[in-house]
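Heads up: the structure comes next, in C-alpha cells.
Just so you know, all these numbers are worked out from the coordinates, no wet-lab data involved. Please read all numbers here as calculations on a predicted model, not as lab measurements. Methodologically, a virtual Cβ is constructed for each residue, glycine included, from the backbone with ideal geometry; neighbour enumeration extends over all protein chains shown.
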Amino acid sequence: MSGPDLHIADDLGWAEEAAALLHQLSEESVASTGRCLIALSGGSTPAALYCTLTGPEWRQKFRWPQLHFVFGDERCVPPEHPESNFGTARRLLFLPLAIDPARIDRMKGEAADVDGAAREYEERLRVLTASPRPAWPTIDVVLLGLGDDGHIASLFPGSPALEDRAKAVAVTLSPKGIRSRLTLTLGVINRATVVLFLVTGSGKAPIVRAVLEPRSAAERSLPAALVHPHPGRVIWMLDRSAAHELHQPQ
Ligand code: 6PG
C-alpha cells in the first residue's frame, strides 16, 4: 500500500503551497462536477491560509462562485464569539472575498437544542450532496487540522462519536476550551473525495510522527489515524517544523 501523500513546505512557504494545493483540488472538482464542496477546519492554523487566499495572487485565481463552504466542526457558541470557527472564516475569508452567503452553510453552534442542530446540519449536507439515507454525504474536500492529542474536527480520543456509524454529524465534548461541539463523524470524513490535513509548527511534530509513524496500538487508534477515505485520498500539507520528527524520506 502506498504511503500517505506528504507535502512538506518551508515554514515560510507553507501557506502559499497550501493555497496552490487547495486551488488544484478545487479546480479538479469544478472540472468534474461544476462545483467544489469544501468543509473548512477550525482552530488557528487555517488563518494563515485564509490570509493567503484573500491576497492579490490567489483571490483572482480561484473560481469562488463554484465553491460551496461547509464546516468540519463548530464550537457551541454564537457566530460572533471569538472561538467560533464560522466567525473566523467569515472575518478572514468570506467577507474579504465577498462570498455569497447562499454558498455558506454554518453549523448552528449557538442552538439551545444542539442535537437538533446536528440533525439539521446532517439534513442540509444530504441535500447539498444529494445523498439520502443510507448513503453518506460525499464532500469534495475536507480540510482537517490536527490536535496535539490526535483529535480531528471535534472527534477527540475516547469520544463515543468515533464509533458512531449512523450519524453524519454528532455532538461531542471537548476536554479543553469550549466543551460542547458539533462535528462531522468519521462516516462522512471517510467518504470525502479528498481529506487535506493542514498542520504547522514544531509543537505538532510529536503528534504528526505518532499518527504517520505509529509505534503502538494506542497511536494507531488516534482519531487522526482513523482517517482512511475510500475511495478518496488523504493529503498532508505540513510545514518543515511539523514534519521534523518524521523518518520518512522528505
Ligand atoms: C477546532 C478544530 C480542531 C483543530 C485542531 C488544530 O474546532 O478546534 O476543528 O480540530 O483543527 O485542534 O487546532 P490548531 O490549528 O489551533 O492547532
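Details
- Simple spin-label estimate for R179 and R133 in nanometres, 7 Å along Cα-Cβ: 2.9
- Computed FRET value (nearest 0.05) for S44 with L226, which takes r as the C-beta separation and R₀ as 25 Å: 0.60
- Taking 0.36 nm per residue of sequence separation and removing the Cα-Cα distance, the T54/E27 pair yields an extension gain of 8.0 nm.
- Segment 53-113 and segment 180-250 have Cα centres lying 23 Å from one another.
- Only lysine pairs 8 or more places apart, or on different chains, with alpha-carbon atoms under 25 angstrom apart are counted in the chain, and they number 4.
- At most 15 other Cβ within 10 Å, DSSP loop - trypsin sites (Lys or Arg not before Pro), segment 120-165: R165
- Theoretical gain in end-to-end length, E120 to A166 [0.36 nm per residue, Cα-Cα removed]: 15.1 nm
- Tail weight of P(r) past 22 Å, computed on alpha-carbon pairs of segment 21-126, percent: 31
- Here the sum of -39500 (n - 2.57) over DSSP H runs of 4 or more residues, divided by the residues of the chain, equals -7500 deg cm²/dmol at 222 nm, to the nearest 500.
- For segment 65-139, the fraction of alpha-carbon pairs in successive 5 Å shells from zero, as %: 3, 16, 23, 23, 20, 11, 3, 0
- Extension gain, R233-D5: 0.36 nm per intervening residue step, less the Cα-Cα distance, totals 81.2 nm.
- Distance between modelled label sites at A217 and D100, nm, 7 Å Cα→Cβ extension: 5.3
- Of the trypsin sites (Lys or Arg not before Pro) in segment 1-80, the ones in a loop by DSSP (not H, G, I, E or B) with at most 16 other beta carbons within 10 Å are K61, R63.
- Taking N as the residue count of the chain, its C-alpha radius of gyration divided by 2.2 N^0.38 Å amounts to 0.94.
- In order along segment 73-87, the phi-based Karplus estimate (6.51 cos²θ - 1.76 cosθ + 1.60, θ = phi - 60°) of 3J(HN,Hα) comes to 6, 8, 7, 7, 9, x, x, 7, 5, x, 8, 6, 5, 5, x Hz; Gly and Pro are listed as x.
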